[in-house]
Amino acid sequence: MNLSTLDWGLIIAFFVVSLGIGLYASRKSGKSTSEFFLSGRNMPWWLLGISMVATTFSADTPNLVTDIVRKDGVAGNWVWWAFLLTGMLTVFVYARLWRRSGVLTDLEFYELRYSGKAAAFLRGFRGVYLGVFFNIIVMATVCLAAIKIGSVLLDLSPIKTLLIASIVTVAYSTLGGLRGIILTDFFQFGLAMVGTIFAAYYIVNLPEVGGLEKLLAHENVKDSLSIIPDWNDKELFYSLLVIPLAVQWWSSYYPGAEPGGGGYIAQRMLAAKDEKNAVLATLLFNISHYALRPWPWILIALASMVVFPTMESLQVAFPNVDISIINDDLAYPAMISYLPNGLLGIVLASLIAAFMSTISTHLNWGASYLVNDVYKRFVKPDASEKQLVNMGRVVTVILMILAGAIALMMDNAKQVFDYIVLVGAGTGLIFILRWFWWRINAYSEIAAMVISFVVALMLKMEVFGKMAGHKQLLIGVSVTTIGWLLVTFLTRPTDQKTLVNFYKKIQPAKVGWMPVIEDGLKRQTIQTSDVQTGKLPIQILCLFLGSIMVYAALFCVGYWLYGQTSDAILATVISVVCGGALMSLWKKL
């Protein structure tokens, strides 16, 4: 494609502003690890919430949604829509607990909650496993999307794309720390949403598509529009809707949707001014992520089914693109190539923004693990704050290089998404229960981590024969859950002193902590004033009301676009009523 001077001007201006924000934030970020990794723990909810949304809006997200819609229709998105339940659980239950913990990273939690060498091992191992291996794989999928966008829209080689996209990202990440990332996210998210909405409007009205009404009536599209999977196709209904809503959301670990919070979502909550700001930030994130953002991507994906109905048509249209990366997800950048000059520059800048916001967060998050939970904890405990910040900057650069190298070996992001969900199958319940059940110990988590990985590997190698993805998930969850429960009861509980200190600091609902409370009252290590009844029933009710509110808002937008007025009005009313009920209950929290 030939970009105009205006397009290049917009892209260069975007890079300059991003670097400027990083330089501005660098004045404070180098003072301490708390500043570099948590922006001084004084960020407001609206900045943190938008930063969470910006991070989950990656360059590979619209590609992934396009892949899903082209393969399984709009209803296929339940594979990630189901994670809203996890998000709302974090909002109303775990946001307060994370902020109350006062840890620098969510891995530091392990030695707050568990005791002995097992807790130290778990913290260090997870620091390397998540901070390096897991984190690099996730970043590589984002880099793969950038490669595909660069190939289609700019005719760049994969290496050139990665070099251009990474240099500025690494620069402002190493300079500005989390503060710079959060401030840049705010700017980048606004640009990304404006670009996506205008792109969807223009593409739907292309002569080849013919407008929204013709698009929805097109032979290639009309069978893919349903938001709920077809009940008559039992296999599809269970795999796309029932399993994600009944099992996947609480049982699987996935970055940005960890049961019980965690990862960079926990990092944002820990950076909040207080518990209230942590709760509001995660609520804003979940509303924006699930209700406001998906439909522009979906419309572009549907339009691609008209313009590029097959992968062969994509190959013919872009003969210079490496055949190994041609898949359904390539249809998104293929549709973006139809945009006119000016708008093309804005959308390209928005896609670069999506790439940078996600990569910068993962770089800072991964570096926080390796510096705080590995280097400081096990290698150099007496390191100065300046040394730790400098180590964080070095690690940031190394992680980016490794992610780029892995991206060059990949060809499809959806396969990686499925594998990550499967590897985490069965571990999610621990992340939910460890706050509320005293009996879970470090060995429970170690067992879950090992078992889930081995089971996922065996399933992917088809040791038990070839089977559908949802059946693999059920097997993974069942085997892993039974395994870690057995290990929990066969191993010694966490040290009583550690349990007492954790309970007094976090003050979770007492129902799962009664043996610890009773023993503490008897030994006078716990006072009656330390025992809190908690508001878990109200929090669970808020979880369901919040989920219904957001799902109804998601349906509402879809039905208005589809022209299904009565369904749209009903969904709108349900969303508003649930929102009102939620505001009323909020006062009781």
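Quick notes on this one:
- Number of positions in region 5-32 that are of a type outside the set (G, A, S), open to solvent by less than 60 Å² (accessible area, probe 1.4 Å) and free of Cβ contacts under 8 Å to residues at least 60 places away in the same chain: 0
- Test: residue in region 292-313 that is more than 27 Å from I197 (Cβ to Cβ), over 24 Å from the mean Cα position of the chain (by Cα) and part of a helix (DSSP H, G or I): yes
- Looking across region 293-339 at every residue that is touching a Phe, Trp or Tyr at 6+ places or on another chain (Cβ under 7 Å) and without any contact (Cβ under 8 Å) to a residue 24 or more places away in the chain, the one that is farthest from V221 (Cα to Cα) is identified as A317.
- Cβ-Cβ under 9 Å pairs, at least 6 apart or on other chains, region 227-248 side in contact (Cβ under 8 Å) with a residue 12 or more places away in the chain and in a helix (DSSP H, G or I), far side of a type in the set (S, T, N, Q) and surrounded by 13 or more Cβ atoms within 10 Å (Cβ to Cβ): L240/N77
- Among residues that are open to solvent by 70 Å² or more (accessible area, probe 1.4 Å), within 31 Å of the chain's Cα centre (by Cα) and among the hydrophobic types (A, V, I, L, M, F, W, C), F464 is included.
- Given (1) open to solvent by 40 Å² or more (accessible area, probe 1.4 Å); (2) at pLDDT 85 or above, number of the condition Q267 does not satisfy: (1)
- Looking only at residues of region 87-135 that are part of a loop (DSSP other than H, G, I, E, B) and of a type in the set (D, E, K, R), we find that the one that is most open to solvent (accessible area, probe 1.4 Å) is E108.
- Residue that is least open to solvent (accessible area, probe 1.4 Å), among those in region 485-500 that are free of Cβ contacts under 8 Å to residues at least 60 places away in the same chain and under 31 Å from the mean Cα position of the chain (by Cα): T488
- Restricted to helices (runs of 4 or more DSSP H) entirely inside region 419-529, those with at least 1 residues that are touching a Gly at 6+ places or on another chain (Cβ under 6 Å) are 428-433, 442-460, 469-490, 496-506.
- Taken together, the criteria exclude I203 from residues that are within 30 Å of M43 (Cα to Cα), among the β-branched types (V, I, T) and open to solvent by less than 20 Å² (accessible area, probe 1.4 Å).
- Residues of region 92-109 that are over 14 Å from I265 (Cα atoms) and touching an Asp or Glu at 6+ places or on another chain (Cβ under 7 Å): R100, E108.
- Considering residues of region 54-86 that are aliphatic (A, V, I, L, M), more than 21 Å from S224 (Cβ to Cβ) and open to solvent by less than 10 Å² (accessible area, probe 1.4 Å) only, the residue modelled with the highest pLDDT: L84
- Whenever a residue of region 473-484 is of a type in the set (G, A, S), its partners that are outside any helix (DSSP H, G or I) and at pLDDT below 90, lying with C-beta atoms within less than 8 angstrom and at least six residues away or across chains, give the pairs G476/A425; G476/G426; S478/G426; G483/G426.
Each row is one residue, and each column tells you yes or no for (1) open to solvent by 10 Å² or more (accessible area, probe 1.4 Å); (2) more than 22 Å from the chain's Cα centre (by Cα); (3) farther than 30 Å from M461 by Cβ.
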| position | (1), (2), (3) |
| --- | --- |
| A354 | no, no, yes |
| Y369 | no, no, no |
| D373 | no, no, yes |
| Q387 | yes, yes, yes |
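The values are calculated or read from the model by the stated rules, or taken from the named source; none is laboratory data. Predicted model only: the values in this text are computed from it and were never measured. Ideal geometry is used to build each Cβ from the backbone, glycine not excepted, and the neighbour counts take in all protein chains shown. SASA here: full protein model, heavy atoms, side chains in, ligands and nucleic acids out. Shrake-Rupley method; radii C 1.70, N 1.55, O 1.52, S 1.80 Å.
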